[in-house]
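Structure record follows, encoded as C-alpha coordinates.
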Ligand code: SF4
(Lines give C-alpha, C1' and ligand atoms only; values in the text may rest on other atoms or scores of the structure.)
Protein backbone atom coordinates (compact mmCIF):
# COMPACT_ATOMS: atom_id res chain seq x y z
CA UNK A 1 0.00 0.00 0.00
CA UNK A 2 1.23 3.46 -0.83
CA UNK A 3 -0.52 5.63 1.75
CA UNK A 4 -1.70 3.32 4.51
CA UNK A 5 0.69 1.67 7.01
CA UNK A 6 0.48 -0.36 10.20
CA UNK A 7 -1.53 -0.97 12.25
CA UNK A 8 0.88 0.15 14.94
CA UNK A 9 -0.08 -0.09 18.57
CA UNK A 10 0.46 2.57 21.21
CA UNK A 11 -0.81 3.44 24.64
CA UNK A 12 -2.36 6.62 23.25
CA UNK A 13 -4.26 5.24 20.27
CA UNK A 14 -4.33 1.46 20.76
CA UNK A 15 -4.33 -0.32 17.38
CA UNK A 16 -3.99 2.52 14.92
CA UNK A 17 -4.01 2.42 11.13
CA UNK A 18 -1.71 5.15 9.80
CA UNK A 19 -2.53 7.15 6.68
CA UNK A 20 0.33 9.23 5.27
CA UNK A 21 -0.90 11.96 2.94
CA UNK A 22 2.39 13.60 1.97
CA UNK A 23 5.49 13.07 -0.14
CA UNK A 24 8.53 13.09 2.18
CA UNK A 25 9.35 15.54 3.58
CA UNK A 26 6.74 18.30 3.27
CA UNK A 27 6.70 20.49 6.32
CA UNK A 28 6.20 24.02 7.56
CA UNK A 29 8.59 23.41 10.45
CA UNK A 30 12.13 22.03 10.73
CA UNK A 31 12.16 20.61 14.26
CA UNK A 32 15.52 19.80 15.82
CA UNK A 33 14.22 16.39 16.86
CA UNK A 34 12.60 15.45 13.53
CA UNK A 35 13.03 11.78 12.66
CA UNK A 36 12.64 12.54 8.96
CA UNK A 37 15.79 14.65 8.78
CA UNK A 38 16.19 18.29 7.82
CA UNK A 39 13.38 20.14 6.03
CA UNK A 40 15.19 20.87 2.77
CA UNK A 41 12.49 23.17 1.45
CA UNK A 42 9.65 24.54 3.56
CA UNK A 43 6.13 23.88 2.33
CA UNK A 44 3.39 26.21 3.54
CA UNK A 45 0.89 26.05 0.67
CA UNK A 46 -1.69 23.28 0.79
CA UNK A 47 -1.84 20.88 -2.15
CA UNK A 48 -3.64 17.69 -3.10
CA UNK A 49 -0.32 15.84 -3.37
CA UNK A 50 -2.00 12.54 -4.32
CA UNK A 51 -5.48 11.83 -5.70
CA UNK A 52 -7.90 11.74 -2.79
CA UNK A 53 -9.95 8.89 -4.26
CA UNK A 54 -6.82 6.68 -4.40
CA UNK A 55 -6.12 7.33 -0.73
CA UNK A 56 -9.72 6.66 0.21
CA UNK A 57 -9.71 3.36 -1.66
CA UNK A 58 -6.61 2.20 0.23
CA UNK A 59 -8.20 3.12 3.55
CA UNK A 60 -11.33 1.19 2.57
CA UNK A 61 -9.27 -1.91 1.70
CA UNK A 62 -7.17 -1.70 4.88
CA UNK A 63 -10.23 -1.37 7.09
CA UNK A 64 -11.80 -4.41 5.43
CA UNK A 65 -8.60 -6.39 6.19
CA UNK A 66 -8.18 -5.18 9.80
CA UNK A 67 -11.22 -5.74 11.93
CA UNK A 68 -9.82 -4.75 15.31
CA UNK A 69 -8.72 -1.16 14.75
CA UNK A 70 -9.10 1.42 17.51
CA UNK A 71 -8.23 4.48 15.42
CA UNK A 72 -7.56 5.63 11.88
CA UNK A 73 -4.78 8.19 12.19
CA UNK A 74 -3.96 10.80 9.57
CA UNK A 75 -0.32 11.66 9.88
CA UNK A 76 2.21 12.78 7.35
CA UNK A 77 5.80 12.66 6.27
CA UNK A 78 5.70 16.28 7.35
CA UNK A 79 2.75 18.50 8.30
CA UNK A 80 -0.48 16.55 7.73
CA UNK A 81 -2.74 19.55 7.11
CA UNK A 82 -0.68 20.59 4.08
CA UNK A 83 -2.70 17.93 2.25
CA UNK A 84 -5.62 19.76 0.70
CA UNK A 85 -8.48 17.37 1.23
CA UNK A 86 -8.08 16.12 4.81
CA UNK A 87 -11.59 17.32 5.66
CA UNK A 88 -13.05 15.54 2.63
CA UNK A 89 -11.20 12.31 3.52
CA UNK A 90 -12.40 12.36 7.14
CA UNK A 91 -15.99 12.90 5.98
CA UNK A 92 -15.79 10.03 3.46
CA UNK A 93 -14.12 7.63 5.91
CA UNK A 94 -16.88 8.30 8.42
CA UNK A 95 -19.46 7.18 5.85
CA UNK A 96 -18.20 3.58 5.90
CA UNK A 97 -16.69 3.02 9.35
CA UNK A 98 -17.42 3.92 12.94
CA UNK A 99 -13.70 3.65 13.83
CA UNK A 100 -12.72 7.06 15.23
CA UNK A 101 -10.37 9.31 13.29
CA UNK A 102 -7.35 11.10 14.78
CA UNK A 103 -5.19 13.73 13.11
CA UNK A 104 -1.57 14.31 14.14
CA UNK A 105 -0.47 17.80 13.10
CA UNK A 106 2.10 20.38 14.10
CA UNK A 107 -0.80 22.83 14.32
CA UNK A 108 1.05 25.59 12.47
CA UNK A 109 -1.80 26.11 9.99
CA UNK A 110 -4.61 26.25 12.55
CA UNK A 111 -4.59 30.03 12.22
CA UNK A 112 -6.42 29.43 8.91
CA UNK A 113 -10.23 29.14 9.31
CA UNK A 114 -10.45 26.43 6.59
CA UNK A 115 -8.08 24.16 8.54
CA UNK A 116 -10.06 24.57 11.75
CA UNK A 117 -13.27 23.84 9.85
CA UNK A 118 -11.91 20.60 8.31
CA UNK A 119 -10.63 19.31 11.64
CA UNK A 120 -13.99 19.69 13.35
CA UNK A 121 -14.98 16.28 11.99
CA UNK A 122 -12.04 14.45 13.61
CA UNK A 123 -12.60 12.61 16.88
CA UNK A 124 -9.18 13.61 18.21
CA UNK A 125 -6.66 16.20 17.09
CA UNK A 126 -3.06 16.01 18.35
CA UNK A 127 -1.19 19.26 17.63
CA UNK A 128 2.35 20.01 18.74
CA UNK A 129 3.24 22.58 21.36
CA UNK A 130 6.89 22.35 22.30
CA UNK A 131 7.51 25.84 23.64
CA UNK A 132 5.95 28.51 25.78
CA UNK A 133 7.91 31.36 24.21
CA UNK A 134 8.84 32.68 20.79
CA UNK A 135 12.54 32.09 21.52
CA UNK A 136 12.13 28.39 22.26
CA UNK A 137 9.62 27.96 19.42
CA UNK A 138 12.27 29.23 17.00
CA UNK A 139 15.01 27.15 18.63
CA UNK A 140 13.02 23.87 18.64
CA UNK A 141 10.45 24.03 15.83
CA UNK A 142 12.39 26.32 13.47
CA UNK A 143 9.26 27.33 11.52
CA UNK A 144 9.10 28.68 7.96
CA UNK A 145 9.37 32.44 7.77
CA UNK A 146 6.07 34.17 8.44
CA UNK A 147 4.89 31.53 10.94
CA UNK A 148 5.10 33.05 14.40
CA UNK A 149 4.69 31.61 17.87
CA UNK A 150 1.73 33.86 18.68
CA UNK A 151 0.00 32.85 15.46
CA UNK A 152 0.50 29.19 16.39
CA UNK A 153 -0.94 29.65 19.88
CA UNK A 154 -3.83 31.82 18.67
CA UNK A 155 -4.70 29.16 16.07
CA UNK A 156 -4.86 26.54 18.82
CA UNK A 157 -7.00 28.77 21.04
CA UNK A 158 -9.39 29.55 18.16
CA UNK A 159 -9.70 25.86 17.32
CA UNK A 160 -10.37 24.86 20.93
CA UNK A 161 -13.16 27.44 21.14
CA UNK A 162 -15.15 25.61 18.42
CA UNK A 163 -13.97 21.99 18.73
CA UNK A 164 -15.84 19.55 20.94
CA UNK A 165 -13.67 16.49 20.16
CA UNK A 166 -10.55 15.49 22.03
CA UNK A 167 -7.72 18.02 21.81
CA UNK A 168 -4.49 16.38 22.95
CA UNK A 169 -1.46 18.66 22.84
CA UNK A 170 1.78 16.83 22.15
CA UNK A 171 4.78 18.26 23.98
CA UNK A 172 8.23 16.97 23.01
CA UNK A 173 10.43 17.34 26.07
CA UNK A 174 14.07 17.83 25.12
CA UNK A 175 16.90 17.53 27.63
CA UNK A 176 18.71 20.84 28.14
CA UNK A 177 16.34 22.74 25.82
CA UNK A 178 12.77 23.02 27.12
CA UNK A 179 12.99 21.11 30.39
CA UNK A 180 14.05 23.98 32.71
CA UNK A 181 11.56 25.24 35.30
CA UNK A 182 11.34 28.57 33.47
CA UNK A 183 10.52 26.90 30.13
CA UNK A 184 7.98 24.60 31.80
CA UNK A 185 6.18 27.43 33.61
CA UNK A 186 5.99 29.39 30.32
CA UNK A 187 4.61 26.31 28.63
CA UNK A 188 2.05 25.76 31.40
CA UNK A 189 0.80 29.36 30.96
CA UNK A 190 0.22 28.76 27.25
CA UNK A 191 -1.38 25.35 27.80
CA UNK A 192 -3.79 27.01 30.22
CA UNK A 193 -4.76 29.55 27.55
CA UNK A 194 -5.40 26.79 25.02
CA UNK A 195 -7.34 24.56 27.43
CA UNK A 196 -6.74 21.13 25.82
CA UNK A 197 -8.29 17.91 27.11
CA UNK A 198 -4.82 16.53 27.78
CA UNK A 199 -1.12 17.01 27.27
CA UNK A 200 0.84 14.05 25.95
CA UNK A 201 4.41 14.36 27.08
CA UNK A 202 6.70 12.66 24.56
CA UNK A 203 10.45 12.12 24.55
CA UNK A 204 13.08 11.97 21.78
CA UNK A 205 13.47 8.21 22.13
CA UNK A 206 14.20 7.71 18.44
CA UNK A 207 17.31 8.99 16.65
CA UNK A 208 17.04 12.34 14.90
CA UNK A 209 19.20 12.32 11.76
CA UNK A 210 19.92 16.03 11.74
CA UNK A 211 20.89 16.94 15.29
CA UNK A 212 21.70 15.09 18.48
CA UNK A 213 18.85 15.58 20.95
CA UNK A 214 18.74 14.21 24.44
CA UNK A 215 16.17 12.52 26.64
CA UNK A 216 15.66 14.60 29.81
CA UNK A 217 16.58 13.16 33.20
CA UNK A 218 13.89 11.38 35.25
CA UNK A 219 13.92 14.33 37.63
CA UNK A 220 13.14 16.79 34.78
CA UNK A 221 10.41 14.53 33.40
CA UNK A 222 8.79 14.35 36.85
CA UNK A 223 9.05 18.13 37.18
CA UNK A 224 7.46 18.63 33.75
CA UNK A 225 4.56 16.38 34.74
CA UNK A 226 4.19 18.22 38.06
CA UNK A 227 4.17 21.71 36.50
CA UNK A 228 1.94 20.91 33.52
CA UNK A 229 -0.46 18.93 35.73
CA UNK A 230 -1.39 22.18 37.45
CA UNK A 231 -3.20 23.28 34.27
CA UNK A 232 -4.37 20.06 32.54
CA UNK A 233 -4.22 16.26 32.60
CA UNK A 234 -0.77 15.03 31.58
CA UNK A 235 -0.08 11.58 30.20
CA UNK A 236 3.33 10.21 29.51
CA UNK A 237 2.70 7.57 26.86
CA UNK A 238 4.94 4.56 26.54
CA UNK A 239 6.57 3.95 23.22
CA UNK A 240 4.51 2.37 20.45
CA UNK A 241 4.94 -1.21 19.34
CA UNK A 242 4.52 -2.78 15.94
CA UNK A 243 2.04 -5.49 15.11
CA UNK A 244 2.94 -7.36 11.92
CA UNK A 245 0.67 -10.35 12.42
CA UNK A 246 -1.92 -9.26 9.86
CA UNK A 247 0.61 -7.87 7.35
CA UNK A 248 0.24 -9.67 3.99
CA UNK A 249 3.83 -8.70 3.03
CA UNK A 250 6.10 -8.27 6.05
CA UNK A 251 8.95 -6.53 4.22
CA UNK A 252 6.55 -3.96 2.74
CA UNK A 253 4.87 -3.37 6.10
CA UNK A 254 8.21 -2.91 7.87
CA UNK A 255 9.47 -0.56 5.13
CA UNK A 256 6.27 1.49 5.36
CA UNK A 257 6.74 2.01 9.09
CA UNK A 258 10.52 2.58 9.10
CA UNK A 259 10.29 5.09 6.25
CA UNK A 260 8.13 7.18 8.61
CA UNK A 261 10.16 6.75 11.78
CA UNK A 262 13.16 4.74 13.02
CA UNK A 263 12.32 1.53 14.86
CA UNK A 264 14.24 0.08 17.78
CA UNK A 265 15.77 -3.28 16.83
CA UNK A 266 14.28 -4.89 19.94
CA UNK A 267 10.80 -3.71 18.97
CA UNK A 268 11.17 -5.03 15.41
CA UNK A 269 12.48 -8.36 16.69
CA UNK A 270 9.54 -8.71 19.05
CA UNK A 271 7.02 -7.89 16.31
CA UNK A 272 8.57 -10.56 14.05
CA UNK A 273 8.76 -13.05 16.95
CA UNK A 274 5.01 -12.57 17.51
CA UNK A 275 4.51 -13.80 13.92
CA UNK A 276 6.64 -16.94 14.48
CA UNK A 277 6.11 -17.93 18.13
CA UNK A 278 8.92 -20.12 19.52
CA UNK A 279 10.91 -20.14 16.25
CA UNK A 280 13.94 -17.99 17.00
CA UNK A 281 15.87 -19.26 13.96
CA UNK A 282 13.08 -18.07 11.68
CA UNK A 283 13.04 -14.65 13.38
CA UNK A 284 16.81 -14.25 12.87
CA UNK A 285 16.54 -15.38 9.26
CA UNK A 286 13.72 -12.91 8.51
CA UNK A 287 15.73 -10.07 10.01
CA UNK A 288 18.86 -11.07 8.10
CA UNK A 289 16.86 -11.23 4.86
CA UNK A 290 15.48 -7.76 5.51
CA UNK A 291 18.95 -6.33 6.10
CA UNK A 292 20.17 -8.08 2.95
CA UNK A 293 17.71 -6.06 0.88
CA UNK A 294 19.99 -3.04 1.58
CA UNK A 295 16.93 -0.90 2.29
CA UNK A 296 17.80 -0.45 5.96
CA UNK A 297 20.80 0.38 8.08
CA UNK A 298 21.45 0.23 11.79
CA UNK A 299 22.22 3.35 13.81
CA UNK A 300 22.98 3.74 17.49
CA UNK A 301 20.84 6.02 19.67
CA UNK A 302 21.50 6.15 23.42
CA UNK A 303 23.24 2.77 23.26
CA UNK A 304 20.27 1.10 21.48
CA UNK A 305 20.40 -0.11 17.86
CA UNK A 306 17.66 1.36 15.62
CA UNK A 307 16.64 0.48 12.09
CA UNK A 308 16.39 3.41 9.69
CA UNK A 309 15.98 3.63 5.92
CA UNK A 310 19.31 3.89 4.07
CA UNK A 311 17.88 6.84 2.17
CA UNK A 312 15.36 8.60 4.46
CA UNK A 313 13.65 10.22 1.44
CA UNK A 314 12.60 6.77 0.15
S1 LIG B 1 6.49 19.10 12.50
FE2 LIG B 1 6.89 16.92 12.49
S3 LIG B 1 7.54 16.46 10.39
FE4 LIG B 1 7.66 18.67 10.63
S5 LIG B 1 9.78 19.04 11.18
FE6 LIG B 1 8.62 18.86 13.09
S7 LIG B 1 8.78 16.71 13.67
FE8 LIG B 1 9.39 16.86 11.51
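The values are calculated or read from the model by the stated rules, or taken from the named source; none is laboratory data. Since this is a predicted model, take the numbers as computed values, not measurements. Cβ: placed from backbone, ideal geometry, glycine included. Neighbour counts: every protein chain shown.
Here is how the numbers come out for the structure above:
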| read-out | value |
| --- | --- |
| Total residues in the stretch 289-298, condition surrounded by 13 or more Cβ atoms within 10 Å (Cβ to Cβ) and part of a strand (DSSP E or B) | 1 |
| The stretch 101-150, residues that are more than 20 Å from the chain's Cα centre (by Cα), away from the ligand (no atom under 13 Å from the Cβ) and buried (at least 16 other Cβ atoms within 10 Å of the Cβ) | 111, 132, 133, 136, 149 |
| Residue check for residue 49: farther than 20 Å from residue 127 by Cα and not in a strand (DSSP E or B) | yes |
| Restricting the stretch 13-29 to residues that are surrounded by fewer than 20 Cβ atoms within 10 Å (Cβ to Cβ) and on the phi < 0 side of the Ramachandran plot, the residue that is farthest from the ligand (Cβ to nearest atom) | 15 |
| In the stretch 1-12, residue farthest from the ligand (Cβ to nearest atom) [restricted to those that are in contact with a helix residue (DSSP H, G or I) (Cβ under 6 Å, 6 or more places away or on another chain) and in a loop (DSSP other than H, G, I, E, B)] | 1 |
| From 75, 93, residue being under 16 Å from the mean Cα position of the chain (by Cα) and either assigned to a strand (DSSP E or B) or at pLDDT 95 or above (or both) | 75 |
